[in-house]
1. Would you check if there is a residue in the stretch 61-68 being open to solvent by 80 Å² or more (accessible area, probe 1.4 Å) and in contact (Cβ under 8 Å) with a residue 24 or more places away in the chain?
2. What residue, of SER12, SER36, is under 23 Å from VAL75 (Cβ atoms) and of a type in the set (Gly, Ala, Ser)?
3. Go through ILE56, ILE7 for me and flag whichever is open to solvent by 60 Å² or more (accessible area, probe 1.4 Å) and in contact (Cβ under 8 Å) with a residue 40 or more places away in the chain.
4. Go through SER40, SER12, SER22, SER44 for me and flag whichever is within 16 Å of the chain's Cα centre (by Cα), surrounded by 11 or more Cβ atoms within 10 Å (Cβ to Cβ) and among the small types (Gly, Ala, Ser).
5. Could you tell me how many of the residues in the stretch 25-36 are surrounded by 11 or more Cβ atoms within 10 Å (Cβ to Cβ) and not acidic (Asp, Glu)?
Amino acid sequence: ASWALPISLLNSLTFGVFWIASVVYVNQIAPAGLESTSQSLLLSTMSLASVVGDPISGWLYDLRGGTFLFGGFAVLALSSLVWFWHGFRAR
């Protein structure tokens, strides 16, 4: 899958923007005096997602291969984009 590397390289750009936006958003919605606690919960949630998601991704890779895994993640990302775009337009 020659397309996997260029798509993976986009992660360096998108993850940085995602992380900054997440930190700013959590800081905005946190109750007064609980900003640090809210940031800790964000980090804990992101870490838990990795702990749960990485073994599942490895299992899917072993079961179906890299093309299926990356293709599935691409479909998931595009469907999430459509879902969020629709929600944003509804506001």
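The values are calculated or read from the model by the stated rules, or taken from the named source; none is laboratory data. Just so we're clear, the structure is a prediction, and the values are computed from it rather than from any experiment. We place every Cβ from the backbone using ideal geometry, glycine too, and count neighbours over all the protein chains shown. In case anyone asks, the SASA skips ligands and DNA or RNA and just uses the protein heavy atoms, side chains included. Shrake-Rupley method; radii C 1.70, N 1.55, O 1.52, S 1.80 Å.
1. For the stretch 61-68, residues open to solvent by 80 Å² or more (accessible area, probe 1.4 Å) and in contact (Cβ under 8 Å) with a residue 24 or more places away in the chain: present.
2. SER12
3. Only one candidate passes the filter, namely ILE7.
4. SER22
5. 5
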